[in-house]
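Notes follow once the structure below has been shown.
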Amino acid sequence: MADIKAAARSTGPSPRTAGRSLMKDLVRDRYLYLLLLPGLLLVLLFKYGPMYGVVIAFQDYNIYKGIHGSQWVGFAQFERLFRSPDFYEILGNTVIISLYKLSASFVIPIVLALLLNELRSVVFRRFAQSVVYLPHFISWVIFSGIIITFLNPVDGMVNTVIQSLGGKPIDFLGDVRYFRSMLVVTDIYKEVGWGTIIYLAAIAGVNPDLYEAARIDGASKLRQMWHVTLPAIRPVIVILVILSLANVLEAGFQQIFLLYNALVYDVADIIDTYVYRVGIYQANYSFATAAGLFKSAVAMTLILTVNTIVKKSGQQGLW
């Protein structure tokens, strides 16, 4: 046993050797590390720095006393959150809207990428990609203004067309029957291009010999998609699904906050809007932080669980 340990110590790099190797890498790739530095500082400053404020969720925070002077109350804010009559309705709205968006954003970009990949005209394919991808660069502030203008029940273009066909105007943004569907449709229109570009990049890496072999075997275009393209891009699909499930409680704060109103609170109020309203308007910072921390804990649990399941099923996870 002693010989084995001695052999392991002799074969493994010593701390001094590892340190010299690290310094050599830093000197050799110094310009690459300099390029990495701004992004790293950005993450540390805006992602990890604010995590110190999570302690507010366990306090009766007083803005004048600060974090160090506020009273420690333990899990009292979480108990208040779970006993709130509005919490479970808001949690249900968040999950329902997120699942609607997740279902649509999972299928539609894959189908669209497969269809674009089969276009023979390179010019038209690039034009179609640009048209689909363009809304992704428009902020929700501008995009929501466009949506409100188009869906206005009085003089909006959509209702103008409905009335010209003999129908009655519909208040898409003020009717609980249509609001969630409108959220999903507008989210797909704005973000479907991002997922499509990712899947197109994955499809571009598929070995052309596989398609050639499938054509020799008599496979149609549909069969080639099903038996060649989809299995080849399965790792990318799995990773995007894991990341999407981690955001199952991220129903889209900007979109909903800019489009919803008091008429649709029952179906549109989500955790993020609730936290904003309680934390900012009512200055109840501890309660809002507890709600936000609960959402983050659920997201972390989901991503760990899904990643473990994926790895045990034989697929490649995030780590």
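The values are calculated or read from the model by the stated rules, or taken from the named source; none is laboratory data. Keep in mind that this is a model prediction, so the values were computed, not measured. Don't worry about glycine lacking a Cβ; one is built from the backbone with ideal geometry, like all the others, and counts go over all protein chains shown.
Some values worked out for this structure:
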{"item": "Condition check for S296: assigned by TED's automatic domain parsing to the domain that holds T149 and in contact with a strand residue (DSSP E or B) (Cβ under 6 Å, 6 or more places away or on another chain)", "result": "no"}
{"item": "Residue within the stretch 93-110 that is among the charged types (D, E, K, R), closer than 30 Å to A204 by Cα, assigned to a helix (DSSP H, G or I) and in contact (Cβ under 8 Å) with a residue 60 or more places away in the chain present", "result": "yes"}
{"item": "Some residue of the stretch 73-86 being in a helix (DSSP H, G or I) and polar (S, T, N, Q)", "result": "yes"}
{"item": "Within the stretch 220-319, helices (runs of 4 or more DSSP H) holding 2 or more residues that are touching a Leu at 6+ places or on another chain (Cβ under 8 Å)", "result": "234-246, 253-259, 285-312"}
{"item": "Any hit, the stretch 57-67, residues being outside the structural domain of P235 (by TED's automatic domain parsing), closer than 30 Å to I256 by Cβ and either at pLDDT below 85 or exposed (fewer than 10 other Cβ atoms within 10 Å of the Cβ) (or both)", "result": "yes"}
{"item": "In the stretch 277-319, the residues that are within 17 Å of the chain's Cα centre (by Cα) and charged (D, E, K, R)", "result": "K295"}
{"item": "Residue in the stretch 79-89 that is in contact with a strand residue (DSSP E or B) (Cβ under 9 Å, 6 or more places away or on another chain), surrounded by 12 or more Cβ atoms within 10 Å (Cβ to Cβ), at pLDDT below 90 and outside the structural domain of V267 (by TED's automatic domain parsing) present", "result": "no"}
{"item": "Inter-residue pairs, beta-carbon under 7 Å, first in the same structural domain as L116 (by TED's automatic domain parsing) and farther than 15 Å from L114 by Cα and in the stretch 207-234, second at pLDDT 85 or above and among the charged types (D, E, K, R), 6+ apart", "result": "A214/R223"}
{"item": "All positions within the stretch 158-173 that are exposed (fewer than 12 other Cβ atoms within 10 Å of the Cβ) and of a type in the set (V, I, T)", "result": "V161"}
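For every residue, the table says whether it meets (1) buried (at least 16 other Cβ atoms within 10 Å of the Cβ); (2) at pLDDT below 85; (3) not assigned by TED's automatic domain parsing to the domain that holds V236.
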position	(1), (2), (3)
R28	no, no, yes
L42	no, no, yes
L45	no, no, yes
I97	yes, no, no
F106	no, yes, no
I110	yes, no, no
L114	yes, no, no
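So that you can scan it fast, the table gives a plain yes or no per residue for (1) farther than 28 Å from W194 by Cα; (2) among the hydrophobic types (A, V, I, L, M, F, W, C); (3) modelled with pLDDT under 85:
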residue	(1), (2), (3)
R215	yes, no, no
F257	no, yes, no
V264	yes, yes, no
V267	no, yes, no
I271	no, yes, no
V278	yes, yes, yes
I303	no, yes, yes
